[in-house]
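Colleague: I have a structure I would like to understand better, so I am pasting it below and will then ask my questions one at a time.
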Amino acid sequence: MSLLDFSSDAFMVAFFLYCFAFMFYVIAIAGKKWSNRDPKMHEKRWGRIAFIVSTAGLVAHLTFFFTRWIGSKQIPTSNMYEFMTFLGMAIMIAYTIVYAMYRKPLLGMFAIPLTIIIVAYASVFPQEVQPLIPALNSVWLKVHVTTAALGEAFFAVGFAAGLMYLLRVVNFTDKTKEARRAQFWIEFTLYSIIVIVGFIVAVFGFRFAGYEASFTEEKVHIDNKGQESTIVDTVHYYLPPIVQPYNSQIVEVQTFLGMDKPLFEAPYWMNGVNAGRKLNTVVWSIIAGTLLYGALRLLFRKRLGAVIHPVMEGIDPDDLDEISYRAIAIGFPIFTLGGLIFAMIWAEIAWGRFWGWDPKEVWALITWLFYSAYLHFRLSRGWQGLRSSWLAVIGFVIVLFTLIGVNLIIAGLHSYSGV
């Protein structure tokens, strides 16, 4: 067995251990209502088991990371698969640190699913080791990407605690206008997470079924001597093509539910076969996520927030507010170093400028400015509790858009790490 094969096995072990840890956290929190033991003892016992299992998963994840690094002879953060797996590992590191500080098992029931979703999302992308392009062949790749991801990981833990706070304090039986507004946005946040899950389910479902379609686009290329040549770009779809790339020709489309051709063409401003595929991915994510969300609503016959709310009873909301703030306060300076300072140094070395208004750079700056505002309002204006938690949730939504949305929707210098 090669070292890379062993690395892949360690990755699968980590994923399943995370799933088991989540199951044990659910037993620790939700199961204490039906336990014959003292509820606090039940939560403590199963919470300890869950933490041990999640720590074992982190050890397996670290094993994957370092064995892949040794086997590939380059740090495994250079493409979307490697970066997202590293982010999942970083979230577990951040969660372990915060758990050691506060010893709150309930946090694992919300933080670990983020890791599971991100690791599953990473598995959607090609997993082969890819040679580093010149711009990535720098020691600054290691310090920029790893510190930026670790900062975002603490933001993820802050998001989990903030969302828990909202689910704890918002009354889902209240019919006032203000309460309905809060219920709607909490539900929308849960729906957005389910859309990501729906994307993962759709990709693996059609991949298992062996679905594939392909399109070509002809481009006229003019070289330095002014001579024209025709370049044919080919793109392969692994989801049924609802959206056809702009100004492209169909090579092959497998029939799906009687649909043997795309429903419409991508708009002209989304020029390029890859742009059409990305738009198709977004459409399928929304469709699959909406269907999954609808199935859950039919199963529980109430809003998902109302389903989760009773589990939060007995939890001190002030503890959740404090955990959210501390996690973000730890992550902010780390993200400042990795996402801005180290990134600008690397940009100067790789592209000859500190700042270039690339979409990923712009959204990294937006993320930093948002969390700067969060800390300002928290420390100077006394924004705690409900306001602070909403900012923690919105902030991580911005992080997810920077990581996922920019890659799917906007092209730029960081597109080598996109879909």
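The values are calculated or read from the model by the stated rules, or taken from the named source; none is laboratory data. Model, not experiment: these values are computed from the prediction. Note that each Cβ is placed from the backbone with ideal geometry, even for glycine, and that neighbours are counted across all protein chains shown. To get the accessible areas, we keep the full protein, side chains included, count just its heavy atoms, and leave off ligands, DNA and RNA. Shrake-Rupley method; radii C 1.70, N 1.55, O 1.52, S 1.80 Å.
Colleague: Just one of (1) open to solvent by 20 Å² or more (accessible area, probe 1.4 Å); (2) touching a residue at least 60 places away in the same chain (Cβ under 8 Å) trips up residue 69, so point out which.
Modeller: Failed condition: (2).
Colleague: Is it the case, given these coordinates, that residue 83 is open to solvent by 10 Å² or more (accessible area, probe 1.4 Å) and either touching a residue at least 24 places away in the same chain (Cβ under 8 Å) or outside any helix (DSSP H, G or I) (or both)?
Modeller: Answer is yes for this residue.
Colleague: Then there is this: Can you tell me how many residues in the stretch 55-71 are hydroxyl-bearing (Ser, Thr, Tyr) and in contact with a Leu (Cβ under 7 Å, 6 or more places away or on another chain)?
Modeller: 1
Colleague: Please determine whether any residue of the stretch 285-302 is open to solvent by less than 20 Å² (accessible area, probe 1.4 Å) and touching a strand residue (DSSP E or B) at 6+ places or on another chain (Cβ under 8 Å).
Modeller: no
Colleague: Could you pull out the residue among 77, 96 that is touching a residue at least 40 places away in the same chain (Cβ under 8 Å) and touching a Lys or Arg at 6+ places or on another chain (Cβ under 8 Å)?
Modeller: 77
Colleague: Using the structure shown, decide if residue 200 is in a helix (DSSP H, G or I) and either open to solvent by less than 20 Å² (accessible area, probe 1.4 Å) or among the aromatic types (Phe, Trp, Tyr) (or both).
Modeller: Yes: the conditions hold for residue 200.
Colleague: Here is a further query. Restricting attention to the stretch 47-66, report how many residues are open to solvent by 30 Å² or more (accessible area, probe 1.4 Å), touching a Ser or Thr at 6+ places or on another chain (Cβ under 9 Å) and over 11 Å from residue 96 (Cβ atoms).
Modeller: Looking only at that region, the number is 2.
Colleague: Listed residues 265, 252; which is in contact with a Ser or Thr (Cβ under 6 Å, 6 or more places away or on another chain) and either open to solvent by 70 Å² or more (accessible area, probe 1.4 Å) or in contact (Cβ under 8 Å) with a residue 60 or more places away in the chain (or both)?
Modeller: 252
Residue-by-condition table, conditions (1) surrounded by 19 or more Cβ atoms within 10 Å (Cβ to Cβ); (2) modelled with pLDDT of 90 or more; (3) out of contact with any strand residue (DSSP E or B) (no Cβ under 8 Å at 6 or more places or on another chain):
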| position | (1), (2), (3) |
| --- | --- |
| 310 | no, no, yes |
| 313 | no, no, yes |
| 319 | no, no, yes |
| 324 | yes, yes, yes |
| 328 | yes, yes, yes |
| 336 | no, yes, yes |
| 344 | no, no, yes |
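Colleague: Of all residues in the stretch 114-139, which are over 23 Å from residue 208 (Cα atoms), open to solvent by 30 Å² or more (accessible area, probe 1.4 Å) and part of a helix (DSSP H, G or I)?
Modeller: 134, 139
Colleague: Please name all residue pairs, on different chains or six or more residues apart, with Cβ atoms under 7 Å, provided the first residue is in the stretch 140-158 and is within 19 Å of residue 320 (Cα to Cα) and the second residue is assigned to a helix (DSSP H, G or I) and open to solvent by 30 Å² or more (accessible area, probe 1.4 Å).
Modeller: Pairs found: 153/93; 154/330; 154/334.
Colleague: Please go through the stretch 191-231 and give me each residue that is among the small types (Gly, Ala, Ser) and either modelled with pLDDT of 85 or more or closer than 25 Å to residue 282 by Cβ (or both), ordered by number.
Modeller: 192, 198, 202, 205, 209, 210, 213, 214
Colleague: Note down all Cβ pairs under 7 Å where the first residue falls in the stretch 284-313 and is closer than 12 Å to residue 190 by Cβ, the second is among the small types (Gly, Ala, Ser), and they're at least six residues apart or on different chains.
Modeller: Every condition considered, the pairs that remain are 289/198; 292/198.
Colleague: If only one of 90, 94, 28 is in a helix (DSSP H, G or I), closer than 20 Å to residue 142 by Cβ, in contact with an Asp or Glu (Cβ under 8 Å, 6 or more places away or on another chain) and open to solvent by less than 10 Å² (accessible area, probe 1.4 Å), which one is it?
Modeller: Every option except 90 fails the conditions.
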